[in-house]
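**Q** Dropping the structure in here first, questions after.
The values are calculated or read from the model by the stated rules, or taken from the named source; none is laboratory data. These figures come from a predicted structure and were not determined experimentally. Here the Cβ positions follow ideal geometry from the backbone for every residue, glycine too, while neighbour counts run over all protein chains shown. Quick note on the areas: whole protein, heavy atoms, side chains included, nothing else; ligands and nucleic acids left out. Shrake-Rupley method; radii C 1.70, N 1.55, O 1.52, S 1.80 Å.
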Amino acid sequence: MSAPLQLPPKGESSKQFPLPLGGGREGAVLFDMDGVLFDSMPNHAYAWSHAMTQFGLEMTAYEAYLHEGRTGSGTINILAQRYWGRDATEEEIERIYAAKSEVFNTLPEPKPMPGAIDALNAAKQLGCKIVLVTGSAQTSLLERLEEHYPGCFQEDLMVTGFDVKHGKPHPEPYLMGLQKAGINAEEAIVVENAPLGIESAHKAGIFTIAANTGPLEDYLLKDAGADIVVPGMKEVASLLATMKR
Ligand code: MG
């Protein structure tokens, strides 16, 4: 049995949940991708830890979850500073990132996250736009989303690694998501799984539901700025289904 939902205290719902205050405007739910729509984080964490080891940099899979959302070079430099006392050179970054990609590509394709389709349907039921905000920059992204979540995503409502100058935890990705949807922060909800993604959404001023689909402790997501932490996407779907506009 899953853990009970951490619902807001009674009487706080209108303060806690922005959508009931929507006043007829459309609203939007902004979804992160890795660890939210796809169960891809175990692959990323495995690939990072195995690639780093080849270069004498020890990174546990757990730590990879902490860095989720950071750019590849940012993650590599944290380890380079720790073990080498300096930033990695461009060439080292390229080699390490290539090694990570090589390991990653040997792993089976990540499956859709259980409950994600229900959360997307619940967002549609609310009459909300569905926006994708990911640091990922895969050209096959739209086809994969269309294959697993047909009709849910459209290209003009997607923010990817190609669009932004600053990645998460900078607020730019989520601010751009709001802009693309043509709505204000108070009319939106973010669904995230990673501390840096939560920080990005929180700094953009958006109510953030954290789906804790990985091994990190709930308090890390709460401390990053999550308004509410639930155990997974099924619970996100239940939560969205309880909201009214
Ligand atoms: Mg994520």
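**Q** Along the three principal axes, how long is the chain when you take its alpha carbons, biggest first, rounded to the nearest angstrom?
**A** 54, 35, 33
**Q** Here is a further query. With springs only between Cα atoms under 10 Å, which of 228, 78, 189 fluctuates most in a Gaussian network model of the chain?
**A** Looking only at 228, 78, 189, the biggest GNM fluctuation is shown by 78.
**Q** Restricting to the chain, compute how many DSSP beta bridges are antiparallel as a %, nearest 5.
**A** 5 percent
**Q** Straight distance only, please: which lysines reach the Cα of residue 222 with their own Cα at less than 25 Å, same-chain residues fewer than 8 apart left out?
**A** 10, 15, 168, 203, 234, 244
**Q** Each residue of the range 205-210 in turn: what ³J(HN,Hα) in whole Hz from Karplus with 6.51, -1.76, 1.60 and θ = phi - 60°, glycine and Pro shown as x?
**A** In residue order, the calculated couplings are x, 9, 4, 10, 9, 9 Hz.
**Q** Please calculate how many Å² of accessible area the chain carries per residue, with a 1.4 Å probe and no DNA, RNA or ligand atoms counted.
**A** 47 Å²
**Q** Of the chain, which part is the longest with no GluC sites (Glu not before Pro) in a loop (DSSP not H, G, I, E, B) and with at most 15 other C-beta atoms within 10 angstrom?
**A** Counting at most 15 other Cβ atoms within 10 Å as exposed, the longest clean stretch of the chain is 59-216.
**Q** Same structure again: Roughly how much of residue 95 is accessible, in Å² to the nearest 10, using a 1.4 Å probe?
**A** The accessible area of residue 95 comes to roughly 130 Å².
**Q** In sequence order, what are the phi-derived ³J(HN,Hα) couplings for the range 154-163 according to the Karplus relation 6.51 cos²θ - 1.76 cosθ + 1.60 with θ = phi - 60°, rounded to whole Hz, with x for glycine and proline?
**A** 10, 4, 6, 10, 10, 10, 10, x, 6, 8
**Q** Extending each Cα 7 Å along its Cβ direction at residue 148 and residue 106, get the distance between those two points in nm, one decimal.
**A** 2.3 nm
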